[in-house]
Amino acid sequence: MKISDIVKILNAKILYANDELLNREVNSACASDMMSDVLAYVKDQAVLITGLCNPQIVRTAEMMDMVCIVLVRGKIPDSATLELAKERNIAMLASPSRMFAACGILYEAGLKPEG
């Protein structure tokens, strides 16, 4: 699935993504508001689904080689967080869906957890 597909499926607003990122294929995702869990348990996942809106989400995504962050519950990050995502070339989307619903919708559409 492409990041552009995630935008459509989740009715998400593109906060940052260039054409290269929108056309990037992603095969798996994880969802958490605890970045320590992402760092401890996540492997080989390209999309981070979270309700957090601080710079730590971008730093965590970068450390884990993730290419897309989906903010749920209509959250919008501050300008510093968005600027960091741009600098690190990590797509950032905002969806009105709640985390559980976003995960289910993406899973049903073919995006899987690791493994």
Search segment 32-45 for residues being crowded, with 17+ Cβ neighbours inside 10 Å and either touching a Phe, Trp or Tyr at 6+ places or on another chain (Cβ under 7 Å) or polar (S, T, N, Q) (or both), and hand back the single one that is modelled with the lowest pLDDT. Gln45
Pull up segment 75-93, narrow it to residues that are crowded, with 20+ Cβ neighbours inside 10 Å and among the hydrophobic types (A, V, I, L, M, F, W, C), then point me to the one that is farthest from the chain's Cα centre (by Cα). Leu84
From the list Val72, Val38, Val42, exactly one residue is touching a residue at least 24 places away in the same chain (Cβ under 8 Å) and under 11 Å from the mean Cα position of the chain (by Cα). Which is it? Val72
Taking the stated definitions as given, is Ile57 closer than 18 Å to Ser97 by Cα and either part of a strand (DSSP E or B) or of a type outside the set (Ser, Thr, Tyr) (or both)? no
Residue that is modelled with pLDDT under 95 and open to solvent by 10 Å² or more (accessible area, probe 1.4 Å), where the choices are Ala29, Ala101: Ala29
Check off (1) farther than 17 Å from Leu39 by Cα; (2) out of contact with any helix residue (DSSP H, G or I) (no Cβ under 7 Å at 6 or more places or on another chain); (3) without any contact (Cβ under 8 Å) to a residue 40 or more places away in the chain for Cys103 and give me the number that stays unchecked. (3)
Quick one: how many residues across segment 77-115 are part of a loop (DSSP other than H, G, I, E, B) and of a type outside the set (Lys, Arg)? 13
If the requirement is being touching a helix residue (DSSP H, G or I) at 6+ places or on another chain (Cβ under 8 Å), farther than 20 Å from Gly104 by Cβ and surrounded by fewer than 18 Cβ atoms within 10 Å (Cβ to Cβ), which of these qualifies: Asn54, Asn18? Asn54
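The values are calculated or read from the model by the stated rules, or taken from the named source; none is laboratory data. Being a predicted model, the structure only gives us computed values, none of them experimental. Ideal geometry is used to build each Cβ from the backbone, glycine not excepted, and the neighbour counts take in all protein chains shown. Note: areas computed on protein heavy atoms with side chains; ligands, DNA, RNA excluded. Shrake-Rupley method; radii C 1.70, N 1.55, O 1.52, S 1.80 Å.
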